[in-house]
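Notes for the one structure printed next.
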Amino acid sequence: MSHKARAVPVFRPAPILTLLTVLAEIVLINLGLWQVRRLEWKEALQASVDARLAAPAVPLAELLVAAEAGEDVAYRRAEARGRFVGEGEAHLYGILDGVPGYYIYAPLQLTSGAAVMVNRGFAPEAFKEAASRGAAPAGE
């Protein structure tokens with residue numbers, strides 16, 4: 001009986017496939033690093049929004065002056081005096097904690113005569129119309 005020696009396969013990487021693999025690894029590593037940088041940016045943005053929402057409200061006139069001066073006033077809380085106008089309410093459909101409904105925006109007539117839209121909050125679908133929610137707060 002004669003046995004033939006088996007040839008041992010030799011790995012010979014193809015230069016093109018090796019280059020493409022290295023390039024793919026570089027791209028994927030950079031995508032991972034980009035995700036980490038984006039996470040850091042997003043966390044800083046959320047911390048900024050949280051800090052602005054937790055800050056005490058400032059007079060609306062003060063915020064308007066700051067905005068005209070080029071300051072970023074996004075998510076800053078404001079206080080104003082006036083009366084809610086019955087007409088002109090706007091509804092933006094949304095879902096809050098799994099409950100469908102509407103974010104209610106209503107015009108507030110300021111004591112100066114100007115008007116601003118105020119986010120009155122979220123109302124389930126059954127309370128979309130103002131009559132189903134009761135009267136707006138009275139007084140200034």
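Each value in this text was obtained by applying a stated rule to the coordinates, not by laboratory testing. What you see is a predicted model; the values in this text were computed from it and never measured. Please note: Cβ atoms are built from the backbone with ideal geometry, for glycine as well, and neighbour counts cover all protein chains shown.
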**Asked** By how many nm would the segment from Val10 to Ala66 grow when fully extended, if each residue of separation counts as 0.36 nm and the alpha-carbon distance is taken off?
**Response** 12.9 nm
**Neighbour-count order for Leu108, Leu20, fewest beta carbons within 10 angstrom listed first** = Leu20, Leu108
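First select every other residue whose beta carbon is under 12 angstrom from the beta carbon of Leu53; then total the charges, Lys and Arg +1, Asp and Glu -1. Mind dumping the intermediate values first?
Working: positive: Arg52, Arg76, Arg77; negative: Asp50.
For residues surrounding Leu53, the net value is +2.
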**Request:** Divide by every residue of the chain the summed helix terms, -39500 (n - 2.57) for each DSSP H run of at least 4, and state the resulting mean residue ellipticity at 222 nm, rounded to the nearest 500 deg cm²/dmol.
**Result:** -13000 deg cm²/dmol
**Computed lengthening from Ala55 to Phe122, 0.36 nm per intervening residue step minus Cα-Cα distance** = 21.9 nm
**FRET efficiency estimate (nearest 0.05) - Cβ-Cβ, Trp34 to Tyr103, R0 30 angstrom** = 0.35
